[in-house]
Each structure stands twice: as C-alpha cells, then as structure tokens.
Amino acid sequence: MAKSVAHHHNEEHGHEHVHHDLDSLKSFGFWIFLMTDVIIFGCLFAVYVVLRNNTAGGPTADELFKMPGVIAETFILLTSSFTSGLAVLAMHAGKRNQLIGWLAVTFLLGAAFITLEVTEFIDMVHEGATIATSGFLSGFFTLVGTHGLHVSIGLVWMIGLMLQLRKRGITKVTKRKVEVLSLYWHFLDVVWIFVLTVVYLMGVM
Amino acid sequence: MGQPTHGHGGHDAGHEGGHGSLKSYVIGFILSIVLTIIPLVVVMNDMMGKTGTIVLILIMAVLQFAVQLWFFMHLKEGENAKWNISALLFAILILFLVVVGSIWIMNYNMVAH
C-alpha cells in the first residue's frame, strides 16, 4: 500500500506509516528466509564439492550427465525468471489479466523444468546411479533435488496466488505476495546457475 | 526486494518509477543469456585449460548472480534496501566460510590420507 500511495502522494507518506512499516517488515522477513536458504544451499554445495570425486566405483559425473537436457533446463528456468519479472511489471501497471497470464507462462516453464529434471533423475536411477550408489551421487541428488523441491513448492504457490488474484484482484496483500514470489523465483534461478556451473559444467569438463 | 521506492526525492529522472522497467528486465534477460552461453561454449568445446575454465565459469556465475540481483530483484531499491544488502552480505560471508572452509579442510588439510 503505502507503496503505491506513497508513490503518488509522497506527502501523505506519514499517515500510512504503521501499515507501511508492517508491510515492508513482511517483505524483509521473506528476504531473511531467502538468506537462510542461501546458507542451506551453501552447505549442500560444500558437501557436493567435497564428495564429488568419491564415486566408489560407480559412474562419474562425466559419464552420467547429459548436457542437452541440462542446457534446456537452464534456458527454460532463465526465461521463467524473466517472465516472472514481466508479471511484476504487469502488476504495477494494474493489469490483472496480464499479470495472471505471465504467472501462468512462468508456471508452465517451471513445470517443464521439473519434468525434464525428474526425467533426468529417473534415467540415472535406471542406469544404476541412485542416491545410495556413492558419496558423489548422494551429494548430487541432495543438492539438485533440494533445488527441484524448491521449484516444485514455487509452482504450488504460484497456482494458489493465481487463484487468489482471480478472486480478489490486485490488492496491497496480493501485490506483496506477487513481489515476494517473484523474488523467490529469481533466487531459484540464481541457485540453478551455480548448480549448472559447479555440478554440471565442472562435472563434464 | 522489488519495491518501489519513491526514494527520498520522489521520482528522480531516470529512476524508472522504482519497480524496474521493461527495459531493465530485457537488458537483464539478455545479459543473463549471454553469461550462460559463454561458459557453455567454453566448456563444451574444451576451449581453455582446466584452471582457466574453472575461473572463467565461476566469474560468469557470479556476474550472473549480480545481474539477477540488480535487474530482476532490484536490490538497491526500496526502503529496505540497506537492510536487505546487510543481510545478503552476511549470508554471503557465511556461505564463503562454509564452502571455502570445507573444501580447504577436506581437500588440503587432512592428516590421514
């Protein structure tokens, strides 16, 4: 609220102060959550990097990873980060249907990403590379799986938000939710870039 | 955090109204695609030595992180910006300690190899 209010009537800012503070506190709380998530992923990356050569006679990264699928996943997620930004732009322009539309595009891209990732995991397990095969694969499935789980949760959240937007329109509450969701989504894209770099690219080089 | 910002002087010129503009999203998107293609091409074609490649792709990843923070997450905007940045710097410090510390100890300092 205060956001848009202050936006247009800077001088009235003071009147909205209490709500305003509460609102920005909620956004800040979400940011703190993201920062703790940074640390979780940091620990999982540390484990993976330490264990990545412990293949225990099982397949190595180089033998296992199929880059075409990974490259497709990367560009899909990258594009979805962009479309979630477009959703926020549509929201600030007050265009509800456009906002829901971009969220739907983001959702479809996210779902495509997860489908590819799950297919990749299933193929690996069929080739005998399971989470119990080696230290390398335990680290791999935990790290990449945690990211995939985050994306899946984001997808469920996105459906809920689209329904709420359809019902209630763009209010100060739904506005904050869209903003926070898009932050979450950009964050997942950043984590994926590091997964691509540290796990896949360093694995196949 | 995305928001707006009416900073301290209302809208100053060139400030795009605070929640980013289509232009900033498009620039961010193009930059992040370029920063993704470079490491892919270098690694898939074995264009550089091992150390060089690792350094290059890590730099590309960090730049990509910066692009997302700047163009998509609008880190510097919004009234929480100062707090957001402090929390981020703290998280990065912990991240660095955990990752670099783990690698250092586990790969270079084990007594019993």
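The table that follows gives values for the structure above.
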quantity	calculated
Most fluctuating residue given options A:84, A:134, A:182, as computed from a GNM of chain A linking Cα atoms under 10 Å	A:134
Taking the C-alpha atoms of segment B:50-113, convex hull volume expressed per residue in Å³	83 Å³
Kirkwood hydrodynamic radius (C-alpha pairs) into Stokes-Einstein, the protein assembly as shown, 37 °C and 0.692 mPa s, D in µm²/s	158 µm²/s
0 to 90° range, to nearest 10: angle between helix A:135-168 axis and chain A longest Cα axis	30 degrees
Sparsely packed GluC sites (Glu not before Pro) within segment A:66-159, loop by DSSP, other Cβ within 10 Å at most 13	A:127
Modelled FRET efficiency - R0 30 Å, residue B:97 with residue A:131, Cβ distances, 0.05 increments	0.65
Degrees, to the nearest 10: A:96-126 long Cα axis against longest axis of chain A	10 degrees
Crossing angle, helix A:17-51 versus chain A [Cα axis fit, 0-90 degrees, rounded to tens]	10 degrees
Residue B:47 accessible area, 1.4 Å probe, all protein chains in place, Å² to nearest 10	120 Å²
Lysine-lysine proximity count for segment A:2-204, Cα under 12 Å, sequence distance 8 or more or distinct chains	4
Apportionment of accessible area to carbon and sulfur, the protein assembly as shown, percent (1.4 Å)	70 percent
Dipole axis of the protein assembly as shown (+1 Lys, Arg; -1 Asp, Glu on Cβ), positive-most option in A:109, B:32, A:90	A:90
Selection from A:140, A:204, B:64 lying farthest towards where the dipole of the protein assembly as shown points positive, charges on Cβ	B:64
Theoretical ellipticity at 222 nm over chain A - DSSP helices of four or more residues, -39500 (n - 2.57) apiece, nearest 500	-27500 deg cm²/dmol
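The values are calculated or read from the model by the stated rules, or taken from the named source; none is laboratory data. Everything numeric here is computed off the predicted structure, so don't read it as measured data. For neighbour counting, all protein chains shown are included, and Cβ atoms are generated from backbone atoms with ideal geometry for every residue, glycine included. Quick note on the areas: whole protein, heavy atoms, side chains included, nothing else; ligands and nucleic acids left out. Shrake-Rupley method; radii C 1.70, N 1.55, O 1.52, S 1.80 Å.
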